[in-house]
Every structure is written in C-alpha cells, then in structure tokens.
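Below is one structure, written out as structure tokens; comments come after it.
The values are calculated or read from the model by the stated rules, or taken from the named source; none is laboratory data. Values in this document were obtained by computation on a predicted structure and should not be read as measured data. Counting neighbours? That spans all protein chains shown, and the Cβs are built from the backbone with ideal geometry, glycine included. Only protein heavy atoms, including side chains, enter the accessible area calculation; ligands, DNA and RNA are left aside. Shrake-Rupley method; radii C 1.70, N 1.55, O 1.52, S 1.80 Å.
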Amino acid sequence: MISSVFIHRPRLAIVISIVISIAGVIALGALPVAQFPDIVPPQVAVSTNYPGASAAAVEESVAQVIEAQVNGVDKMIYMKSTSGGDGSYSLNVSFQVGTDPDLNTVNVTNRVNQALAQLPPEVQRNGVTTKKQSSSLLQVVAIYSQRGSRDALFLSNYAKINMVDTLKRGDRSR
C-alpha cells in the first residue's frame, strides 16, 4: 500500500513532512484568530440605593420586589443579591453560556421597569441601574518599584492618575 512507499523511501517521507509543516506554519499566520469560547456565564447587574434604610428594610421593600419580577427571565440560570446596611442593593443575574448579553440586559431592564412602580419613592428618585458585566478576568496589571523607592500608596495613586483611564479606554497610543 501507500505506507510501504514511505517505509522504503524515508527521504521522501521527510521531505513531505517538512513541506506539510511549512505549509502549516504559513497557514497559521494567515488564519483569523478566533476568540476563546465563552466559559463564564454572561451576567447582568442591577443596582440601586435606598438612602437611610437598613439591610432588612432594603430586603423587604426593594430586593423582594425586584427579584419577584426578574425571576424567570428568559435563559436565566441563577441570581445573587446583596442588601447593604448603607441602603445599597445589588443583584447579579447569570445567564446560560452563549446567550447574547445585550438581549439579556434588555430583558432584565424590562422586568425591572415593571417593578419600578412598586418600589419606595426614594428608590424611584435615585433610579435603578441595569448593565451587563463580565466576571471573566481580562487583564492583570502589577506595578512595583524596581529598587523599592516607592511605597504602595504612591504606586496606587500613580496608577489611578496615569493608567486606569487609559486601560479602560483601551488606548494603545502610549
């Protein structure tokens, strides 16, 4: 068969394998780079503030109302909420992997808008924020002083002033 040709002619087998390898390297540079598949479920964050309320009051008057409406939104996996003692409330709604985050945000926003009339007037005045978010780690930046001449507070301030906005914009000019 064909295998006997390569067994009896090893130089031919080497030449063909080198040609295939070179073609693969050339094709590797020409192929488009696909993004990694999504492994983290997309999330939508809902947050609001109820000034002067305790965590129990936020739970009763805000969390239960919003969660009752949001529960059962299309392709939702689970949701996690936090009511703070300072009157803050946050809800993270996780969706199935592969769903459209923009569509998920619209669906959750529609559900939150249905619950808005049942919320306390202070919460209605402050508004309820709904936005998509990703819990996957995209980038880690570590800043250090090479000779130890700068302390952590200086480096933190330097990063906030000079780097954070540039990294958020994705500006590659620097």
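Quick notes on this structure:
- GNM result for the chain, Cα springs below 10 Å: residue of Y50, Y158, Y78 fluctuating most strongly: Y158
- Stretching D151 away from S90 to a fully extended chain increases their span by 18.6 nm, per 0.36 nm per residue minus the current alpha-carbon distance.
- Alpha carbon convex hull of the stretch 55-114, volume per residue in cubic angstrom: 75
- Peptides 56-65, 127-136, 3-12, ordered by how many other C-beta atoms sit within 10 Å of their residues on average, highest first, read 56-65, 127-136, 3-12.
- Signed unit charges on C-beta, dipole axis of the chain, positive-most listed residue T99, A117, M79: T99
- Hypothetical label at N71: residues of the stretch 103-119 whose amide nitrogen lies under 14 Å (7 Å Cα-Cβ projection): none
- I7-Q64 pseudo-label distance in nm [points 7 Å out on the Cα-to-Cβ vector]: 8.0
- Fraction of accessible area attributable to carbon and sulfur, the stretch 1-132 (%, probe 1.4 Å): 60
- Read-out Rg and Dmax of the Cα atoms in Å, derived from the coordinates shown; its label in (1) 27.0, 87; (2) 22.1, 73; (3) 16.7, 55: (1)
- Per residue, in Å², the accessible surface of the stretch 46-90 once ligands and nucleic acids are set aside, probe 1.4 Å: 51
- Taking the Cα centre of the stretch 67-114 as origin and assigning +1 to Lys and Arg Cβ atoms and -1 to Asp and Glu Cβ atoms, the resulting dipole is close to 100 debye.
- Taking each DSSP H run with n ≥ 4 as -39500 (n - 2.57) and averaging over every residue of the chain yields -13000 deg cm²/dmol at 222 nm.
- Annotation: lysines with alpha-carbon distance below 22 angstrom to K132 (same-chain offsets under eight excluded): K75, K80, K168.
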